[in-house]
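Everything on this sheet refers to the single structure shown next.
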Amino acid sequence: MTTSETLEVVRGWFHGRLPEEWFEDLEVTVDREEVNVVGRLPEPKASPGVSETERAAQLAGHIQRFREETREQRMAIAREAEQRFRHRVSWGAECGGERQMFTNLSVPVMTRLRQPERRVLDTLVEAGVARSRSDALAWCVRLVGKNTDAWLEELRTALEHVERARAAGPRP
């Protein structure tokens, strides 16, 4: 099964399995180790004239309440999905532009860097931007991802086309 087909199967399963009243919309992403399930919660009604600070706190509280009230059911659904798809499941919620991941895997990744790249990481550590080279590298990856979202999405789409072409081609 191709990566895009796997994503469609996993996304379809979660759309069918989750209670309809939980989310207005659902975002499911899959990589080699993990399935992320992030649902958009309906926004709570705000009192007129509420400050941005109070509104942000209200959204954070709304997400936290959802997290607590659904914990047992989400854990049971995650166990089912983990057995079925052989991937860990991480949960999150979004509400009014506020996004919070409840769980996430932290997976070690090995890389070899030459001195100029190591100096970049060491500068970030020395400046207090990161606690370690590992944190500095994660910071760099997040920064690149944030600043190149459109390009990365275009690349992922191109990879899906390549996977479909491979799957349609002759079998050895």
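Tabulated values for the structure
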| read-out | value |
| --- | --- |
| Prolate/oblate/rounded label for region 83-142 (Cα gyration tensor, a/c 1.5) | oblate |
| Using a Förster distance of 25 Å, the FRET efficiency for Asn147-Val120 (Cβ separation, nearest 0.05) | 0.95 |
| The chain: Cα Rg divided by the 2.2 N^0.38 Å rule of thumb | 1.28 |
| Inter-part distance where region 81-121 and region 3-65 are each reduced to a Cα centre, Å | 17 |
| Signed unit charges on C-beta, dipole axis of region 1-67, positive-most listed residue Leu18, Val38, Val50 | Val50 |
| Nearest-20 debye value, region 14-80 charge dipole, Cβ charges on Lys, Arg, Asp, Glu | 160 |
| Point-to-point label distance, Glu33-Arg71, nm (Cα→Cβ direction, 7 Å offset) | 2.5 |
| Estimated vicinal HN-Hα couplings, Hz - region 70-77 in sequence order (Karplus 6.51, -1.76, 1.60; Gly, Pro = x) | 10, 3, 4, 5, 5, 5, 5, 5 |
| Cβ-based net charge around Ala158, under 14 Å, with every Lys or Arg adding one and every Asp or Glu removing one | -1 |
| DSSP-defined beta bridges in the chain - what % are antiparallel, rounded to 5 | 60 |
| Test item: Cα-centred dipole of the chain, Lys/Arg +1 and Asp/Glu -1 on Cβ, debye | 780 |
| Tensor-based shape of region 39-116 (alpha-carbon gyration tensor, a/c under 1.5 rounded, otherwise prolate or oblate) | oblate |
| Surrounding net charge for Thr123, when Lys and Arg each add one and Asp and Glu each subtract one, Cβ distance under 12 Å | 0 |
| Val120 accessible area, assembled protein chains, probe 1.4 Å, Å² | 80 |
| Compactness relative to 2.2 N^0.38 Å, alpha carbon Rg of region 108-168 | 1.53 |
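The values are calculated or read from the model by the stated rules, or taken from the named source; none is laboratory data. Everything numeric in this text was worked out from a predicted model, so none of it was measured. Cβ: placed from backbone, ideal geometry, glycine included. Neighbour counts: every protein chain shown. Ligands, DNA and RNA are excluded from the accessible area calculation, which covers all protein heavy atoms including side chains. Shrake-Rupley method; radii C 1.70, N 1.55, O 1.52, S 1.80 Å.
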